[in-house]
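The values are calculated or read from the model by the stated rules, or taken from the named source; none is laboratory data. What you see is a predicted model; the values in this text were computed from it and never measured. Because the Cβ atoms are built from the backbone with ideal geometry, glycine has one as well, and the counts that use them run over all protein chains shown. Note: accessible area is taken over every heavy atom of the protein model, side chains too, but ligands, DNA and RNA are not part of it. Shrake-Rupley method; radii C 1.70, N 1.55, O 1.52, S 1.80 Å.
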Amino acid sequence: MIKIKFPKKISEKNLIKFFNSEGLKDLISKKKYMVDGYQVTKKDYEQNKSDKKGKFDIRKTNNPQPPEMMDLYRLYQFILLNKRTTVLEFGCGYSSLIICKALNKIRANNKGKKPFKRCVYPYKLFIIDNVKKYLNIVKKRLRKYGLIKHVEFTYSRSKMTMYNGNFATEYSKLPRVNPDFIYLDGPNPFTINNSINNFTVSNSDMMPMSCDVLKIENFLTPGTIILVDGRVANARFLKNNFKRNWKEFYNKKFDQTVFLLDEKPLGPFNKEQINFYK
């Protein structure tokens, strides 16, 4: 049985200390602006306040969202505590910076050594996004922090598709990587431009429904972790279509679903990989 380690609770004071210690004081929120339970930019907050007809929908904003410190801290800890080596991120943002920080920490702890024999991309982040604007913002941010060296960016259109007879979305191309940690937070359904049988997720009463993880499921190695940020309906869709032995953990407070691929090792190389995580 493969085990997973979860982040411990942290106080607001220690949360701020963490970001300062990691050289990320720019991410510390001096003032938070909230709309419908979401932390938003000041510009979005003011737009919502001025919207007399109540039609403002934070899901449709073109403004990059501010860093949610607790979510970022938990993402960092999930990667660090479970000693992940190769991360695939669907969608990008401040999460990309945090993932790089965590991978850098693991690299340092392991003195830069290759973690296990079949680790093809040690301590590397693969990002895929369907919005060039956000990719460019993240590239600039990672350059600022000197973290872009071990990151591969993929721009890809995202479109409606059918998966097992169900409507879903897919990226047109995926990075050539077999990750041991997947962070699912994209694409935004309102960036999907096509429809099938007149149906599309880019409608206000729909929700994200990505199927990309399902298409690579058979290649993932035992021990792989998937973190779905929000997107509960999408997480349930994944669960209902998985073919392998995944353990599910849902945290209501943080609105996060975690899946762990808990199976016997595929062979000696995968066993070495799993032992590295312990």
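Taking a straight Cα-Cα cut-off under 13 Å and skipping sequence neighbours fewer than 8 places away in the same chain, the aspartates and glutamates within cross-link reach of residue 60 are 44, 205.
What the chain shows is 54 Å² of accessible area per residue, with the surface traced by a 1.4 Å probe over protein heavy atoms. Relative to the Cα centre, the charge distribution of segment 130-246, modelled as +1 at Lys and Arg Cβ and -1 at Asp and Glu Cβ, gives a dipole magnitude of about 560 debye.
A DSSP coil position with no more than 14 other Cβ atoms inside 10 Å describes the following chymotrypsin sites (Phe, Trp or Tyr not before Pro) in segment 188-278: 254. The label point for residue 152 and the one for residue 251, both projected 7 Å from the Cα toward the Cβ, are 2.9 nm apart. Annotation: amide H of residue 163 within the under-5 Å range of 168, sequence separation 5 or more or interchain, hydrogens built in the peptide plane.
Tell me which trypsin sites (Lys or Arg not before Pro) from segment 46-129 have a DSSP coil assignment and no more than 11 other beta carbons within 10 Å of their own. Answer by residue number: 52, 53, 55, 111, 113, 117. Straight-line reach from residue 113: taking Cα to Cα under 25 Å and skipping same-chain neighbours fewer than 8 places apart, the lysines in range are 3, 5, 83, 101, 105, 124, 149, 271, 278.
Run the dipole for segment 1-89 about the Cα centre, Lys and Arg Cβ at +1, Asp and Glu Cβ at -1, nothing else charged, and hand back the magnitude in debye, nearest 20.
Numbers: 21 positive and 11 negative charges, 50 e Å.
Computed about the Cα centre, the dipole is about 240 debye.
Among DSSP beta bridges whose residues both lie in the chain, state the antiparallel percentage, nearest 5.
On the way: 21 of 40 bridges.
Of the beta bridges lying entirely in the chain, close to 50 percent run antiparallel.
Simple point charges give the picture: +1 on the Cβ of Lys and Arg, -1 on the Cβ of Asp and Glu, and for segment 1-48 a dipole about the Cα centre of about 340 debye. Look at (i) 29, 25, 17; (ii) 35, 22, 18; (iii) 38, 23, 15: the one that is semi-axes √(5λ) of the Cα gyration tensor in Å derived from this structure is (i).
Projected onto the charge dipole of segment 10-99 (+1 at Lys/Arg Cβ, -1 at Asp/Glu Cβ, origin at the Cα centre), which of 34, 99, 76 gives the Cα projection farthest towards the positive end? The Cα lying farthest towards the positive end belongs to 34. Using a simple spin-label model with pseudo-atoms 7 Å out from Cα toward Cβ, residue 16 and residue 59 lie 3.5 nm apart. A simple spin-label model places pseudo-atoms 7 Å from Cα toward Cβ; at residue 272 and residue 46 they are separated by 5.7 nm.
Add -39500 (n - 2.57) for each DSSP H run of 4 or more in the chain, then divide by its residues: what number comes out at 222 nm, to the nearest 500 deg cm²/dmol?
After summing the helix terms and dividing by the residues of the chain, the value is -9500 deg cm²/dmol.
Projecting the Cα atoms of 146, 134, 171 onto the dipole axis of segment 133-177, where Lys and Arg carry +1 and Asp and Glu carry -1 at the beta carbon, places 146 farthest toward the positive end. The length gained on full extension between residue 240 and residue 199, counted as 0.36 nm times the residue separation minus their Cα-Cα distance, comes to 12.7 nm.
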